[in-house]
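Notes follow the structure.
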Amino acid sequence: MLTWRNHPEVRSVSLTTHVIPPEEHAAWWAAATADPNRRVLIFEDDGQACGVVMFDCRGDVPTWGFYLDVAGLTARNALLPAWMRLEREAVDYAFDDLKVERLGGETLAANKQVLALHRRFGFRETRRYERLVDGTPQTVVWTERGRA
């Protein structure tokens, strides 16, 4: 999981871009798994773990995010199909299992591929704002959708 998150392509489109050391990851993991409002799920493709989906159900609109094993899926020529399936299954899980009414998330404006994927699955942009990402102002796009 940490190796996937630290992949340069994943870090380049994340809200924190530094290499995460094991101690920082362990602290995040302990907090995430102890919080009843959060879910961390492992995504599998062809029987292999290859991604992480995170939900945070605090607040008015639950949020989500994900990342994939870019190196492993690219080597198997399976990155795009995995992206598509992960988004479909994660959205279904949010509405069917977590029973949320709305789901939202933050994506860097430069991450046009993921924004297009979100649009394909019914998310729409509701606002843009600036946020510091490792000390540099970046435009963030908030996308949201309701239960279909």
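The values are calculated or read from the model by the stated rules, or taken from the named source; none is laboratory data. If you're wondering where the values come from, they're calculated on a predicted model, not measured in any experiment. Please note: Cβ atoms are built from the backbone with ideal geometry, for glycine as well, and neighbour counts cover all protein chains shown.
Which of the strands (runs of 3 or more DSSP E) contained wholly in region 34-148 include at least 1 residues that are among the polar types (S, T, N, Q)?
Numbers: elements: 38-45, 48-56, 63-68, 102-108, 124-133, 136-146.
The strands (runs of 3 or more DSSP E) meeting that bar are 48-56, 63-68, 102-108, 124-133, 136-146.
Restricting attention to region 1-25, which residues are part of a helix (DSSP H, G or I) and under 19 Å from GLN113 (Cα atoms)? Walk me through it before giving the result.
Going through region 1-25, the residues part of a helix (DSSP H, G or I) turn out to be 2-5, 8-12, 22-25.
TRP4, ARG5, PRO8, GLU9, VAL10, ARG11, SER12, listed by residue number.
Only a single item in (1) under 20 Å from ARG124 (Cβ atoms); (2) modelled with pLDDT of 95 or more is not met by GLY59, and it is number (2).
Scanning region 113-143 for residues that are surrounded by 12 or more Cβ atoms within 10 Å (Cβ to Cβ), among the basic types (Lys, Arg) and over 15 Å from THR17 (Cα atoms) yields one hit, ARG119.
If you take the residues of region 116-148 that are touching a Phe, Trp or Tyr at 6+ places or on another chain (Cβ under 9 Å) and modelled with pLDDT under 95, which of them is farthest from GLY65 (Cα to Cα)? Going through the qualifying residues, I end up with ALA148.
Only one of the listed residues (GLU23, GLU44, GLU106, GLU89) is charged (D, E, K, R), out of contact with any Leu (no Cβ under 7 Å at 6 or more places or on another chain) and touching a residue at least 12 places away in the same chain (Cβ under 8 Å). That residue is GLU89. Taken over region 49-86, the residue count meeting the criterion of being free of Cβ contacts under 8 Å to residues at least 60 places away in the same chain, among the aliphatic types (A, V, I, L, M) and closer than 19 Å to GLU144 by Cβ is 3. Within region 69-92, the set of residues being charged (D, E, K, R) and either within 16 Å of the chain's Cα centre (by Cα) or over 18 Å from GLU9 (Cβ atoms) (or both) comprises ASP69, ARG85, GLU87, ARG88, GLU89, ASP92. Inside region 20-43, can you point out the residues that are within 15 Å of the chain's Cα centre (by Cα) and either hydroxyl-bearing (Ser, Thr, Tyr) or under 17 Å from VAL91 (Cα atoms) (or both)? Of everything in region 20-43, those that are within 15 Å of the chain's Cα centre (by Cα) and either hydroxyl-bearing (Ser, Thr, Tyr) or under 17 Å from VAL91 (Cα atoms) (or both) turn out to be ARG38, ARG39, VAL40, LEU41, ILE42, PHE43. Is at least one residue of region 93-111 under 21 Å from GLY146 (Cα atoms), among the β-branched types (Val, Ile, Thr) and more than 13 Å from the chain's Cα centre (by Cα)? Yes; the residues of region 93-111 include at least one that is under 21 Å from GLY146 (Cα atoms), among the β-branched types (Val, Ile, Thr) and more than 13 Å from the chain's Cα centre (by Cα).
Across region 9-19, the qualifying residues are those that are under 25 Å from GLU89 (Cα atoms) and free of Cβ contacts under 8 Å to residues at least 40 places away in the same chain, and the one among them that is surrounded by the fewest Cβ atoms within 10 Å (Cβ to Cβ) is SER12.
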